[in-house]
Amino acid sequence: MNPEPSEEEGRPVGRRVFLGTLALGALGVAAAPTLQRGLEGLLGSVSGKDPTGLTGLLPNGGGFRYYSVAASVPHKDATDYRLTVDGLVDQPRAYTLADLRALPQTRVVRDVQCVTGWRVPGTPFEGVRLSRLLDAAGVRSTARALRFTCFDGTYTESLTLAQARRADVLVALRMQDKDIGHDHGGPVRLYVAPMYFYKSAKWLSGITVTDEVKPGYWEERGYDVDAWVGRSNGRSDVPTS
């Protein structure tokens, strides 16, 4: 782990109808640049309306896959975005996008590893250390974990308090040196560098401090709660940090 830090296989085999999309996935990988850009545009436009999640199995977006577990996801921007911090804290808070941008920003560059097997090397993320928001809220002594909610209205995630305080866990505003777009979970998403990408919840809207771990969306469906890359979900990937 760098001391100063400068999405999803169903159960490790596949969460959707993988064989039905394998040929398309291979086409996306092998396509010429022009064809690939066209595919990216198409998937980006339909992913938010895909209730099956099949678009999430296709290569896209600089090596990333578009994926949502909701049939549609509203768009948020600086005019209406809010991130709440509540639960077992002394000072609940609601942050606007401007508030988050005004806080000290940390840059983390790591490989991104999905539990389905794909990996995007050397991906920069920038944002506010989650620990900073927790300190500002005043976490109570009975706190043990965090529950994350998202404005898609469906996805949730979890971390222990110790995991959340790592220096490589961010409330991220930028990815690949640009503001995080809607299809990648913007304007704000969670980024948990040493864990499989399903832990890095997209469209982040709420952080609730709790007295115990409450398993997230995929964890209720069989994924590991502690999702360390290479040490969970039956996989042996090279760690990302």
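Quick one: VAL139 ticks every box in (1) within 23 Å of ARG231 (Cβ to Cβ); (2) β-branched (Val, Ile, Thr); (3) open to solvent by 30 Å² or more (accessible area, probe 1.4 Å) except a single one, so which number is it?
Single failed check for VAL139: (1).
Please count how many residues of the stretch 182-241 are aromatic (Phe, Trp, Tyr), closer than 19 Å to LEU161 by Cβ and surrounded by fewer than 24 Cβ atoms within 10 Å (Cβ to Cβ).
Residues meeting the conditions: 1.
In the stretch 142-167, which residue that is open to solvent by less than 40 Å² (accessible area, probe 1.4 Å) and part of a loop (DSSP other than H, G, I, E, B) is nearest to VAL73 (Cα to Cα)?
ASP152
Hey, can you tell me all the residues within the stretch 168-179 that are open to solvent by less than 50 Å² (accessible area, probe 1.4 Å) and farther than 16 Å from THR84 by Cα?
Within the stretch 168-179, ASP168, VAL169, MET175 qualify.
Would you mind stating whether TYR81 is modelled with pLDDT of 95 or more, open to solvent by less than 20 Å² (accessible area, probe 1.4 Å), over 25 Å from PRO194 (Cβ atoms) and more than 16 Å from the chain's Cα centre (by Cα)?
Taking the combined requirement at face value, the residue satisfies it.
The values are calculated or read from the model by the stated rules, or taken from the named source; none is laboratory data. Since we're looking at a predicted model, the values are computed, not measured. Virtual Cβ from ideal backbone geometry, glycine too; neighbours counted across all protein chains shown. To get the accessible areas, we keep the full protein, side chains included, count just its heavy atoms, and leave off ligands, DNA and RNA. Shrake-Rupley method; radii C 1.70, N 1.55, O 1.52, S 1.80 Å.
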